[in-house]
Amino acid sequence: MNDKIDKELALVFDEYNPDNVGITETWFNDTSRSNIPNYHEFRCDRKGKNGGGVIIYVKEKYKAYEVDSI
């Protein structure tokens, strides 16, 4: 994410204090970074194409982990 979007997203998190947030169509790639304090970040970027991708933020107070397969 660029700095402007990161800051705007952090403001939303500060105001609403959500336990978790899911975002689709992130358009992230290998060089994209996001830093939302006090949240775990789980993401899946689209490989080989533009667009797509998802990211889920979960408050650090919760035990959250990524599952590779169900």
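Miscellaneous remarks
- GNM flexibility winner over the chain from Val21, Val12, Val54 (Cα, springs under 10 Å): Val12
- A Förster radius of 25 Å combined with the Cβ-Cβ distance from Ala10 to Ser69 puts the calculated FRET efficiency at roughly 0.20.
- For the chain, modelled as a GNM whose springs connect Cα atoms under 10 angstrom apart, the maximal fluctuation among Glu15, Glu41, Glu60 occurs at Glu15.
- Mean-square fluctuations from a GNM of the chain, with a 10 angstrom spring cutoff on Cα atoms, peak among Tyr39, Tyr57, Tyr16 at Tyr16.
- Reachable lysines, given that their alpha-carbon falls under 24 Å from the alpha-carbon of Lys61 and they are not under 8 places away in the same chain: Lys7
- Considering all different alpha carbon pairs of the chain, the Kirkwood hydrodynamic radius works out to 12.9 Å.
No lab work stands behind these numbers, since they all come straight from the coordinates. What you see is a predicted model, and the numbers here were worked out from it, not measured in a lab. Glycine also receives a Cβ, built like all others from the backbone with ideal geometry; neighbour counts cover every protein chain displayed.
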